[in-house]
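These notes concern the structure reproduced below.
The values are calculated or read from the model by the stated rules, or taken from the named source; none is laboratory data. For clarity, every value in this text was computed on a predicted model and none was experimentally measured. Don't worry about glycine lacking a Cβ; one is built from the backbone with ideal geometry, like all the others, and counts go over all protein chains shown.
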Amino acid sequence: MDPIRLSRTPYRDKVYACWMGKNIGGTLGGPWECKRYPHGFTFYEPTPEKSAPNDDLDLQLVWLKMLEDEGVDPSVRTFAEYWSRYATRYPPNEYGFFMRNFERGLRPPVAGCFENYFVDEMGSPIRSEIWACLHPADPQAAARMAWKDSAIDHSGGEGMNGELFWAAVESAAFVETDPMTLIRIGLNMIPLSSHLARSVREAVWCHENGVSWGEARERIVSRFATVQPCNAVPNAAFIVIGWLYGTDYGDKLCKAVNCGYDTDCTGATLGSLLGILGGTAGIPAKWREPIGEQIVLCRFTGSFNSPKTVEELTQRTVALAERVAAEKGTIEFGAETVLPADIRSRLFRNAAARRALQQDPHVGTELVDGEEVRLHYGGEPVLRPDVEKELWVTAGEQREPAVELEVPGGWTCIRTGPSAFRVRASGEIADRNTLTVRLNGKRAAFTILGPGEAKGYAAGMNVPRCPTCRARAGSCECP
């Protein structure tokens, strides 16, 4: 199969415009985040002097460092490690609950969903651009990486569907410009029955059937919105509304933001997409000049060699994309773009995305000499007194590796297969317990919780914050 060849100069320009658009849209929407009523903006309000700090971008800078350090196809366990180093102070919603689980000994993807009310939020759809930029014209590859990313804190939720959708749309946008084709490519990567897919289709239906912008917004609110303004389901539709109903660059961004709800995320995601589609020439100077080139970090982002400007971020992104292309062999960069005759068919391919979504979310993943070892909990990662629990292990591509399982003293462990066991304990069970998997002379330790550590968490309530700096309690740097 002939590779897809992309011209380096237009590709680089689109990457730059993607990151610039991220800053523009995030800065436009930032002051109005979580307001669940419609707005009427036509420009920044207030007009900024520099770009606003935005977790939408910062968390992708963490992944940039991870990819530079660890290679371009890291394990989901590596994602968790870098999050715990550089994003541990983030307190809100899904971010805080991933770290709560991680510190209790759980590992992704189960650490991204257990006792986490916020798996349907926007925290991972806003991290899609880096996968699109590293996998241009390869939507299923971008979606596969988006699964790894979203498994950290949105495992099995609509936030995961949102990141796969937008990563695929943005990846395809490097070579395809038709909005409806792009939307269909994104929808092809996620379950037909997902709420996010249905909300996107509703936005498209409204546009195709002459429903006004305002009525389309109200239909999404009444049919898909929740009490949580950052829920990914309605906000994905708001991005589509801005994209389809807007008349030009600024009007598209403003229409998305004017829908309300998670306005920094809707603005930033659409800004990135428009940047990929139109390049720097498509961004009017009046939108670019107030925010400049500087990248302004959030106060909760850890310290590392993060890019200081959009130009530096672009250079480092392009360098990684060259590494990705060299490893894949299906995409290459050259002096000019050469697309095969079956390019649209290739863009719609989704086998990698489907395989990713078919993975068990009720799993803890550890790395042993670079190989993933996974403990399958068969549901919640909890053992209750006198209730036998089925556990099994997979490793790398092996579905039934020959393993041993060591359990705490006093527990019973009955082997039911080469890598499957029934575990049982009577009486009081400790809050946190270690299960050790032995594989080829190597060990991987996993945590299983007792009932005292699994009492649930009130829906909509966040993890505690430091009263002084408002970072996640226990992770801040206050004296």
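Scanning region 183-196 turns up no residue that is more than 22 Å from the chain's Cα centre (by Cα) and among the hydroxyl-bearing types (Ser, Thr, Tyr).
Applying a threshold of 9 Å to beta carbon distances and a minimum spacing of six or more residues, or different chains, the list of pairs starting in region 393-406 at a residue that is farther than 18 Å from residue 445 by Cβ and ending at one that is part of a loop (DSSP other than H, G, I, E, B) reads 398/419; 399/419; 400/417; 400/418; 400/419; 402/418; 402/419; 402/440.
Looking only at residues in region 392-405 that are surrounded by 14 or more Cβ atoms within 10 Å (Cβ to Cβ) and not aromatic (Phe, Trp, Tyr), the one that is farthest from residue 424 (Cα to Cα) is 398. Within region 322-370, the set of residues being hydrophobic (A, V, I, L, M, F, W, C), without any contact (Cβ under 8 Å) to a residue 60 or more places away in the chain and loosely packed, with under 14 Cβ neighbours inside 10 Å comprises 326, 341.
Scanning region 431-471 for residues that are closer than 22 Å to residue 365 by Cα and aliphatic (A, V, I, L, M) returns 435, 437, 439, 444, 445, 448, 449, 454. Can you confirm whether region 6-15 contains a residue that is on the phi < 0 side of the Ramachandran plot, part of a helix (DSSP H, G or I) and either touching a Pro at 6+ places or on another chain (Cβ under 7 Å) or not assigned by TED's automatic domain parsing to the domain that holds residue 340 (or both)? Yes, region 6-15 contains a residue that is on the phi < 0 side of the Ramachandran plot, part of a helix (DSSP H, G or I) and either touching a Pro at 6+ places or on another chain (Cβ under 7 Å) or not assigned by TED's automatic domain parsing to the domain that holds residue 340 (or both).
Is it true that residue 302 is assigned by TED's automatic domain parsing to the domain that holds residue 82 and part of a loop (DSSP other than H, G, I, E, B)? Spelling it out, residue 302 is indeed assigned by TED's automatic domain parsing to the domain that holds residue 82 and part of a loop (DSSP other than H, G, I, E, B). Selection of region 371-391 for residues being in contact (Cβ under 8 Å) with a residue 24 or more places away in the chain and surrounded by fewer than 23 Cβ atoms within 10 Å (Cβ to Cβ) yields 371, 372, 380, 382, 384, 385, 386, 387, 388, 389, 390. Of the helices (runs of 4 or more DSSP H) lying entirely inside region 204-291, those containing at least 1 residues that are surrounded by 24 or more Cβ atoms within 10 Å (Cβ to Cβ) and among the aromatic types (Phe, Trp, Tyr) are 232-245.
Give the residue that is nearest to residue 282 (Cα to Cα), with candidates limited to residues of region 10-55 that are among the β-branched types (Val, Ile, Thr) and surrounded by fewer than 24 Cβ atoms within 10 Å (Cβ to Cβ). That would be 42.
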